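The values are calculated or read from the model by the stated rules, or taken from the named source; none is laboratory data. From a predicted model like this one, the values you see are computed outputs, not experimental measurements. When we count neighbours, we look across all protein chains shown, and the Cβ atoms used for this are built from the backbone with ideal geometry, even at glycine. Surface accessibility is based on the protein's heavy atoms, side chains included, excluding ligands, DNA and RNA. Shrake-Rupley method; radii C 1.70, N 1.55, O 1.52, S 1.80 Å.
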Amino acid sequence: MKPGETKRFDPILPVAIELSQEHSLLCLDEFQVTDIADAMILKHLFAGLFGEGVVLIATSNRPPYDLYKGGLQRSNFVPFITQLKSNCDVLNLDSPKDYRMDGIASDQVYHLTTKAGTEEMMEKIFIEQAADRADVPVSDVKEECMKLRVLGRDIVVRRCFGRVAIFTFDELCSQPVGAVDYLEICKHFDVVLLTNIPQMNIFKKTEARRFIILIDTLYDGKVGLIMSAASPIHQLFVKPSKRDKQLVLQSESIILDDLKIKQDDESLDLNVFSGEEEEFAFERAQSRLNEMQSKEFWQEHKQLRNSK
């Protein structure tokens, strides 16, 4: 080493070695890569794991060659895709049929705000669900406000009773909250009412991403979800036009400047400007929302609740 030079330290390799000493098989569900930081970490982590002989079994909604598609500086991630394919057999389990659509939909769990009386209906459902879960008369339901402590900060649940809570979309998706907060909500409530869900677009990507994470968390926790929204499920995320992408590119072009990436027509295809990743994730969330409306889902939810 030359005088004045410092030795570069790879903090990820020791993690890979430690994991390999504890586990010879790693199973991952819903494998995905959505940002450059994750992409670079995964690249180094799995290089270390494969080097130590760890076997990977993973499911994903994307084939390896589509991972981090449209991502910033994706060329730095592409070598990992080659390594992934050389260490793993890729099996296509895609089915032309979405089995989540088979359930019989309940007409009590998704309400359009464009219809008169929806707000009053959501209030009525909140009271009825709270009374049912607490096994008390409707007249005994008195709204409460509580705080959930998460990582040294408070999540304020402004309206709840027993194991039922009601939130607005803005409270859960327009504020700086995330998966860990949603998990805490799942621990405390069996039924969640979410009101005033708007149509989302490329200009509301952050809110859309939080909404998707919220749906995933509630789905995995088998929490009953009752919603009021501005549009049917399949219209909740509006596909951006070329003009929309151009406007986003203009307002967020500093990202490309900081990374010294030249702006051109292909820049519109980058996820950060195109909204393609949110659109792709929304298709999956839509499938889960359809299942969460079904009578079968609510029957399973009830059985799980009764077993507690």
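In the stretch 57-77, what count of residues is obtained for those that are more than 17 Å from LEU93 (Cα to Cα) and surrounded by 13 or more Cβ atoms within 10 Å (Cβ to Cβ)?
Keep residues of the stretch 57-77 that are more than 17 Å from LEU93 (Cα to Cα), which gives 68-77.
Pick out the ones that are also surrounded by 13 or more Cβ atoms within 10 Å (Cβ to Cβ) and you get 68-74, 76-77.
Here the count works out to 9.
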field: Neighbours by Cβ (under 6 Å, 6+ apart or cross-chain): first from the stretch 129-149, farther than 24 Å from GLU171 by Cβ; second open to solvent by less than 90 Å² (accessible area, probe 1.4 Å) and part of a helix (DSSP H, G or I)
entry: VAL138/ILE127; VAL138/ALA131
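Can you find a residue in the stretch 89-103 that is within 24 Å of ASN306 (Cα to Cα) and modelled with pLDDT under 90?
Yes, the stretch 89-103 contains a residue that is within 24 Å of ASN306 (Cα to Cα) and modelled with pLDDT under 90.
Residue by residue, here is whether (1) among the hydroxyl-bearing types (Ser, Thr, Tyr); (2) in a strand (DSSP E or B); (3) at pLDDT 95 or above; (4) open to solvent by 50 Å² or more (accessible area, probe 1.4 Å) holds:
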| position | (1), (2), (3), (4) |
| --- | --- |
| LEU172 | no, no, yes, no |
| GLN175 | no, no, no, yes |
| LEU194 | no, yes, yes, no |
| PHE203 | no, no, no, yes |
| THR206 | yes, no, no, yes |
| ILE212 | no, no, no, no |
| ASP216 | no, no, no, no |
| TYR219 | yes, no, no, no |
| LYS222 | no, no, no, no |
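Would you call ARG159 among the basic types (Lys, Arg), in a strand (DSSP E or B), surrounded by 15 or more Cβ atoms within 10 Å (Cβ to Cβ) and touching a strand residue (DSSP E or B) at 6+ places or on another chain (Cβ under 8 Å)? Don't jump to the end; show me each part of the working.
Values: among the basic types (Lys, Arg): yes; in a strand (DSSP E or B): yes; surrounded by 15 or more Cβ atoms within 10 Å (Cβ to Cβ): yes; touching a strand residue (DSSP E or B) at 6+ places or on another chain (Cβ under 8 Å): yes.
Taking the combined requirement at face value, the residue satisfies it.
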- prompt: Right, THR118: crowded, with 19+ Cβ neighbours inside 10 Å, of a type in the set (Ser, Thr, Tyr) and in contact (Cβ under 8 Å) with a residue 24 or more places away in the chain or not?
  reply: no
